[in-house]
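Take a look at the structure set out below.
The values are calculated or read from the model by the stated rules, or taken from the named source; none is laboratory data. What you see is a predicted model; the values in this text were computed from it and never measured. Every residue, glycine among them, receives a Cβ derived from its backbone with ideal geometry; neighbour counts consider all protein chains shown. Just the protein is used for accessible areas: all its heavy atoms, side chains included, with ligands, DNA and RNA removed. Shrake-Rupley method; radii C 1.70, N 1.55, O 1.52, S 1.80 Å.
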Amino acid sequence: MIRSLRLLPFVLLGAVFASQAQMSTEPHEQPQLYALAAAPSEAELHATIAHLVGFGTRHTLSDTRSDKRGIGAARRWVKARFEQIARDCGGCIEVVTPAQTFTGKRVPQPAEVMDVVAIKRGSTDPNRVIVMTGHLDSRVTDIMNATSDAPGANDDASGVAALIEAARLLSKQDNQATLVFAALSGEEQGLYGGKVLADYAVAQGWNVEADLNNDIVGNSRGQNGVRDNTTVRVFSEGTKSNEMPAQANYRRYHGGEVDSPSRNLARMMSQLAEQYLPDFHVRMVYRTDRYSRGGDQVPFLETGFPAVRVSEGHEDYTRQHQDLRVGTTDQDRGIHYGDTIDGIDFRYLARVTALNTIAMAALSRAPAPPTGVDIAGSLATDTTVTWHKVPAAAGYRVHWRDTTAPQWQFLRAVGDVDHAVIKDVVIDDWYFGVSSVSADGYESPVVFPGYVGSFERSPPAVTH
Ligand SMILES: [Zn+2]
């Protein structure tokens, strides 16, 4: 008895040391993320897409007054759905509908483009914002046809269903940073809804850390017949859209061609999938979007916010932007064209939804990414990494990788400090980055040094 009492102070001291070491160094496995990964409901996703398809067309220039048909009815339904989720969580979500009026090549008369946006404020860091987007509008073969049936089940009711389901699941959990779930309009007419939301974010003074743009995420069968329900693509730009010539010149000598914040966001999503989603993988694509095509992440990038496009692994073009019809030529006889709900693989869509949901939870619970990251060590055998501390970080990790490696390979947990010397790792031969880790073990994305890698908003270049 006496003996064990004497030992008690040492036992306690040991526990303190152990918990400090844990706090400042190692991200933990997060049971909440495993639970979230399994939570998306195929029934919920199905119900959303069935409702949206039921509005006939959601073309941006379609009827806005009918309660049964057109973009207006669809917007009001999404708004009501968000408000239902808000009621179920005791008012934890507010719903706003930012709008602007545009004319353009595909908008001959001035048309109002309105987004439907659910906001769940962060508990401790509300100005840091994680966004998930998808687009509500749909189209057929003729981009100006605003009346024919355009079910848009996959493009992009699937993305809207995913973000509504993510909002429902995350409404029941704590988030330190603010979460935003946005059903955009005007995508097919020229990415207008993404611009409306990016402008709204700037006006609100939001520090958007990530936009996860989900566009075409529900089909697991490629047009060539390949079936793959284990892969989702995450597209990310290599260098920032608004990089200035002097910044580009600096980068040519110091590196950073493949380390924009958007790219390191994609790397984080890939790692989350490997850890929390069995047999489900992110295929990182080193491009802003698919060849010659764009999406609503682009206005975010142009505004200076990190953003990625999430899209299914294999597309079926007979289902995209098509009049509903059956092929009659020798080449396509019997092919059913059109973006109908029978083309959705709900099990697959649930897993894509899970990836987004755990990414939003992980990003919002981690500290902000380190700022002011820099490296030094030219003509030396050691590399020195420096950064500015960020609120809520209990520690930092320095990462490095071979310059040709797609993922970070090595790391050192360096504690709650603002610099580290990595001995015998030569600056010339590796790419370096720093992440922040919270006391409960959530890690931020890795930040590559300098302007090229910073998650802080870089305002658009002003050209005169
Ligand atoms: Zn789309």
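Quote the convex hull volume per residue of region 43-98, based on C-alpha atoms, as a whole number of Å³. It would help to have the intermediate numbers written out before the result.
Details: hull volume 4.8 nm³, N = 56.
Normalising the Cα hull of region 43-98 by residue number yields 86 Å³.
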For Lys240, what charge total do you get from the other residues with a beta carbon under 13 Å from its beta carbon, if Lys and Arg give +1 and Asp and Glu give -1? -3
Against the longest alpha carbon principal axis of the chain, how many degrees, from 0 to 90 and to the nearest 10, is the axis of helix 71-88 turned? 40
At a 1.4 Å probe radius, carbon and sulfur cover how many percent of the accessible area of the chain? 53
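Are there any trypsin sites (Lys or Arg not before Pro) in region 57-154 that are in a DSSP loop and have at most 10 other Cβ atoms within 10 Å? List them by number. All intermediate terms of the calculation are to be shown ahead of the outcome.
On the way: sites: Arg58, Arg65, Lys68, Arg69, Arg75, Arg76, Lys79, Arg81, Arg87, Lys105, Arg106, Lys120, Arg121, Arg128, Arg139; in loops: Arg58, Arg65, Lys68, Arg69, Lys105, Arg106, Arg121, Arg139.
Those satisfying the criteria are Arg65, Lys68, Lys105.
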Just to check I understand the Karplus step: with θ = phi - 60° and J = 6.51 cos²θ - 1.76 cosθ + 1.60, what whole-Hz values come out for region 31-39, glycine and proline as x? x, 5, 6, 4, 5, 5, 4, 9, 7
Stick to Cα atoms and the Kirkwood definition of Rh, then tell me Rg/Rh for the chain. 1.01
Pull up the cross-link candidates among the aspartates and glutamates for Lys195, meaning alpha carbon to alpha carbon under 12 Å and not fewer than 8 places away within one chain. Asp115, Glu187, Asp296, Glu302
On average, how much area does the Cα convex hull of region 271-415 cover when viewed from any direction, in nm²? 13.6
Would you work out the charge dipole size for region 328-385 about its Cα centre, treating the Cβ of every Lys and Arg as +1 and the Cβ of every Asp and Glu as -1, and quote it to the nearest 20 debye? 300
Backbone HN-Hα couplings from phi across region 122-137 [Karplus 6.51/-1.76/1.60, Hz, Gly and Pro as x]: x, 6, 10, 9, x, 7, 8, 10, 10, 10, 10, 10, x, 10, 7, 6
Hey, got the dipole for the chain? About the Cα centre, +1 on K and R Cβ, -1 on D and E Cβ, debye to the nearest 20? 580
Over the Cα atoms of region 84-189, what Rg and Dmax result, in angstrom? 15.8, 47
Over the alpha carbons of region 159-216, what is the largest minus smallest coordinate on each principal axis, giving the biggest first in Å? 36, 28, 13
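Compute the orientation-averaged projected area for region 131-199 from the convex hull of its Cα atoms and round it to one decimal in nm². Can you show the working numbers first?
Working: hull surface 20.6 nm².
That works out to 5.2 nm².
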Enter the Cα centre distance for the pair region 164-187 and region 59-134, rounded to the nearest angstrom. 12
Reach of Lys79 by Cα under 16 Å, taken over lysines that are not fewer than 8 positions away in the same chain: Lys68, Lys120
Taking every alpha carbon pair in region 126-247, what does the distance histogram look like in 10 angstrom bins from 0, in percent? 11, 33, 35, 17, 3
Fraction of alpha-carbon pairs in region 251-330 farther than 19 Å apart, rounded to whole percent, equals 54
Quick check on the chain: helices-only [θ] at 222 nm, where DSSP H runs of length 4 and up contribute -39,500 (n - 2.57) each and the sum goes over total residues. Nearest 500, please. -10000 deg cm²/dmol
Need one number: % antiparallel among DSSP beta bridges in the chain, to the nearest 5. 65
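Under a 1.4 Å probe, what is the accessible area of the chain per residue, stated in Å²?
42
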What one gets for region 178-337 as the Kirkwood radius, inverse of mean 1/r over different Cα pairs in Å, is 17.5
Between 0 and 90 degrees, rounded to the nearest ten: what's the tilt of helix 192-204 against the longest Cα principal axis of the chain? 40
